[in-house]
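The values are calculated or read from the model by the stated rules, or taken from the named source; none is laboratory data. Everything numeric in this text was worked out from a predicted model, so none of it was measured. Methodologically, a virtual Cβ is constructed for each residue, glycine included, from the backbone with ideal geometry; neighbour enumeration extends over all protein chains shown.
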Amino acid sequence: MGLLRAVALNTFREAVRDRVFYNLLLFAVLLVGTSLIIGQLAAGQDVKIIKDLGLAASLLFGVGIAVFLGIQLVAREVERRSVHATLAKPVSRPVFLLGKYVGLLLTLGVNITVMAVALFAVLAVYQSVTPAGVQATWTAPALDPRLLIALGLIYVELAVVTGVALLFSTYSSALLSATFTTAIWVAGHFVGDLRTVEQIGASGTTVWVARLVSWVLPNLALFDVKAEVVHGLPVPAGQVVAAVGYGAAYGAAMWLIAVAIFQRRDFK
Amino acid sequence: MTEPVIVVDRLTKDYPVGFWRPRPYRALDALSLEVAPGEVFGCLGPNGAGKSTTLKLLLGLVTPTSGTAHIFGRPVSSVASRERVGFLPENPVFYDYLTGEELLTYFGQLCGLRASEARRRGTALLDRVGLGAERRLAIRRYSKGMVQRLGVAQALVQDPDLVILDEPMSGLDPIGRRDVRALILSLRDEGKTVLFSSHILSDAETLCSRVAILAAGRLQALGSMTDLVQFSVRAWELLLDGVDATLEHRLRETGATMTTLSPGRVQVHLPGTQPPEPLLQWANGAGARVLALQPVRETLEDVFLKHVEGKRRDVPGTTGGA
Amino acid sequence: MSGLRARARGGRLPWLLAAAALLVAATGFQMASLSQRPVRDLPAVLYLQSPTVARRAVLSFDMLAADLYWLRALQHFGATRLQTSGPRTFENLYPFLDLATSLDPRFVVAYRFGAIFLSESPPGGPGRPDLAVRLLEKGVAATPDRWQYFQDIGFVHYWWTGEYDRAADAFSKGAAIEGAPWWMRSLAAVTLSEGGDRQTSRLLWRSLSQTAENDWLRRDAQRRLTQLDALDHLDQLQAVVARGRLSGLSAPWSWAQLLQAGLLSGVPIDPTGVPYVIDINTGRVDLDRRSTLWPLPTEPRGLPGLAREPR
């Protein structure tokens, strides 16, 4: 446990020293800037747009970090050969990988927490300057606690993406890992379409291949409740819990496969 | 005799070479050796001999194709085998965003030390390798020699009983080399076992109790320095100044071979079976000055060249190292 | 962790088996989550519903944004047509087209195709010729020198709403523009005098199929012409049935019966090669639903084939 914590904290420290958290500054500027502009352009929809933007930006920035750091987890260490000294210590490779994974989850967690605080702060300011009459037309309150559900599921999505990045980075170069992971992330949002390819005229083997791929790829659409939350539509608790379970199981599976690959790897 | 620290038995490693249809390349071929406690053991050989591969196999960085290796009686595939081992990789690279102190603390924790204990050990070690003043400096600002010293320090972080050093002298200036030599000797005096690889033979000659000479992945020679190197004098070398024709003629009669370096200055090579003293007297008598007189012994280099000659090879797909 | 530490390195299988087990579990979670997810019946998010806001919000990417909205319009139109359950509402089609053309007022394709999509009658389209005309008029306002928009407006009036006077008006406005082809003026005249004549329709579509600068428009016009041919066939076949009725034939109607009576020399097929169908009870002849020509346009007023009821 101590080992795991040491590796995780070192990974977190690496992210901090790489100035990863500068993205938060950009996020805040984007959010505040947009809210100022939106306020002058349109009435009524502005809170919705701030929420849309805040959630979309947390996801995009988060995925950026997950890919950027996720591939560094292992691929860069192997490329630069810093892994030699580390793995010559009495650390097992599974623990090493898990520590890296946990460290990155910690980084992403801190990141999204700060983003959530920033988003709520902007929304609170907006609410305080909006007349009650206009507020009555909103489909969801400005300081909707359900935003946390959306943010939480975004975090789970990031965890899954990180797992995929970890897996690729155990046997591929940093650049390729980044490309693959981004591709999987994009594809993961079209899993639903893969299951209905026959509706757009595909047939035979194509349909079966698409179905198979659709169950292997991470179904990232499960973590997307942004629209429901923004429009104040119901999000059943069971759906959220199952999605979290899915993310946890999928992420853990990625780690296990990464271990299976990494176990046998030679560091020349 | 006590239990050996390292036992290597017919250890073999093939690397696949080539992208399409990789073929196995035998980096190490059936190496067997043992290292006893308290030994300073040198692993010598030219580039591509399999030295680095051997060390990496011992640390579990590389999985053997066949054969076994044990450290302190534990198979090298187990994590526990590395608990009492410190390792300095060849041309080490560390997390350059950390300071020297942070790196040693982290590595200490990986070896099971508590953070405070690891920090204390780290500070002491940085002083020991001469980096005490730079311990708060980010590693990315370290020079190559400083990184090498840091590498030595991190290999000692948990006070290991076996220290494995891969090319410890590379990248060091003469002072650095002297420091590392002194450090290896002090580790020996502390009763630790040291295994290091090198292609610098003079280092091995002064430090090692035993050496293994590898070439082309095979063990060529194994034994103590006295076993391998004959210490009897093979010849004498004499440097004289102000030599005239009479003296030259007289020296040649004794069977010495001569090389004239400049007018009057001559290098004399006398077979080891003949005493050099009469020559000195003649030289004195003829008014020539004796600039130098030294015995010629067999060196490790001679032994090395004898075993290695013609067995050099370049490793495909790599640039140097083995 | 102690279990992991003690493990010797090497065996991959246990890790992969555990991963497989977790992936199976993940599939269970996935199905559970999907099953509990309410059917997503959200208003498709337009983000910026007002074109003026949109123009400012997209910075200098207005052309790109226009393309994206045009693509979304196409996607929306296509996806709704393919939709198998529920009512096919094309509610976002006009907003998308409106946004695309506001962001890029010279987006010719968006105006002309958009008008075709909007006028298409259900179930293949929203059946909103009024919106089609509104969209095209926006185009006219942006680029008054494009006579093609007037041609399209005239078409929508002629073909879908049957307002021949307005169609003629649009044609003559278009004809007044410099560079308009000579036949625009005659179109206006013919439409005004003989509005609703199938021959006039043919003239309209033929003119379009010959002048259209775009393959899709040309193919569409050719399809319309083929549909007109099919309408001619149907009229002739209906006449054959009427003759059969006079000579004493009655239900159940079938091609076999008419063939035996010597009224037909073979099973009649439409221009795409699919046999026409005859209603067994009423003897009404129609296009097979599997034909690519189906559905045929509702015949404008005053055509010979009035016997056919409007669909």
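I'm trying to understand the selection: among the residues of the range A:205-234, which are facing another protein chain (nearest Cβ under 8 Å) and part of a loop (DSSP other than H, G, I, E, B)? Across the range A:205-234, the qualifying residues are A:ASN219, A:HIS231, A:LEU233, A:PRO234. Residues in the range B:168-183 that are within 28 Å of B:SER224 (Cβ to Cβ) and surrounded by fewer than 24 Cβ atoms within 10 Å (Cβ to Cβ): B:MET169, B:SER170, B:LEU172, B:PRO174, B:GLY176, B:ARG177, B:ARG178, B:ASP179, B:VAL180, B:ARG181, B:ALA182, B:LEU183. Here is the figure for the range B:133-144: residues that are crowded, with 16+ Cβ neighbours inside 10 Å and closer than 19 Å to B:ARG181 by Cβ total 0. Considering the range B:112-132 alone, what residues qualify as being surrounded by fewer than 21 Cβ atoms within 10 Å (Cβ to Cβ) and either within 12 Å of chain A (Cβ to nearest Cβ) or over 18 Å from B:LEU183 (Cβ atoms) (or both)? Scanning the range B:112-132 gives B:GLY112, B:ARG114, B:ALA115, B:SER116, B:GLU117, B:ARG119, B:ARG120.
Do the conditions hold for B:ARG149, that is, is it surrounded by fewer than 18 Cβ atoms within 10 Å (Cβ to Cβ) and of a type outside the set (Ser, Thr, Tyr)? No; evaluated as a whole, the condition is false for this residue. Do you know which residues across the range B:203-234 are surrounded by 17 or more Cβ atoms within 10 Å (Cβ to Cβ), modelled with pLDDT of 85 or more and small (Gly, Ala, Ser)? B:ALA212, B:ALA215, B:ALA216, B:GLY217, B:ALA221, listed by residue number. Within the set B:SER32, B:SER52, B:SER81, the sole residue that is polar (S, T, N, Q) and touching a Phe, Trp or Tyr at 6+ places or on another chain (Cβ under 9 Å) turns out to be B:SER81.
Would you confirm whether or not the range B:217-226 contains a residue that is within 30 Å of A:GLU14 (Cβ to Cβ), in contact with a strand residue (DSSP E or B) (Cβ under 7 Å, 6 or more places away or on another chain) and in the same structural domain as B:ALA80 (by TED's automatic domain parsing)? Break it down stepwise before answering.
Of the residues in the range B:217-226, the ones within 30 Å of A:GLU14 (Cβ to Cβ) are none.
Within the range B:217-226, none of the residues are within 30 Å of A:GLU14 (Cβ to Cβ), in contact with a strand residue (DSSP E or B) (Cβ under 7 Å, 6 or more places away or on another chain) and in the same structural domain as B:ALA80 (by TED's automatic domain parsing).
Applying the set (1) surrounded by 17 or more Cβ atoms within 10 Å (Cβ to Cβ); (2) within 16 Å of C:LEU204 (Cβ to Cβ) to C:LEU118 leaves exactly one unmet item: (2). Candidates in the range A:167-184 are the residues that are surrounded by fewer than 18 Cβ atoms within 10 Å (Cβ to Cβ) and of a type in the set (A, V, I, L, M); of these, the one that is nearest to the chain's Cα centre (by Cα) is A:ALA183. Does A:ILE112 satisfy the condition of being in contact with a Gly (Cβ under 9 Å, 6 or more places away or on another chain) and part of a helix (DSSP H, G or I)? It is true that A:ILE112 is in contact with a Gly (Cβ under 9 Å, 6 or more places away or on another chain) and part of a helix (DSSP H, G or I). Per the listing B:LYS13, B:LYS56, the residue uniquely of a type in the set (Lys, Arg), crowded, with 16+ Cβ neighbours inside 10 Å and outside any strand (DSSP E or B) is B:LYS56. For the residues A:ARG17, A:ARG93, A:ARG13, the requirement of being facing another protein chain (nearest Cβ under 9 Å), buried (at least 20 other Cβ atoms within 10 Å of the Cβ) and over 20 Å from A:LEU123 (Cα atoms) singles out A:ARG93. Is it true that some residue in the range C:44-51 is at pLDDT 55 or above and part of a helix (DSSP H, G or I)? Yes - at least one qualifying residue is present in the range C:44-51. Out of everything in the range C:12-41 that is more than 8 Å from every other protein chain (Cβ to nearest Cβ) and not aliphatic (A, V, I, L, M), what residue ends up being surrounded by the fewest Cβ atoms within 10 Å (Cβ to Cβ)? This residue is C:ASP41.
Each residue in the range B:122-153 was checked for being out of contact with any strand residue (DSSP E or B) (no Cβ under 8 Å at 6 or more places or on another chain) and either among the aromatic types (Phe, Trp, Tyr) or outside any helix (DSSP H, G or I) (or both), and 5 of them qualify. Checked against the criterion of being among the β-branched types (Val, Ile, Thr) and within 14 Å of chain B (Cβ to nearest Cβ), the range A:49-72 contains not a single residue that satisfies it.
The set of residues in the range B:65-111 that are in a loop (DSSP other than H, G, I, E, B), more than 7 Å from every other protein chain (Cβ to nearest Cβ) and farther than 19 Å from B:VAL35 by Cα comprises B:THR65, B:GLU90, B:ASN91, B:ASP96, B:LEU98.
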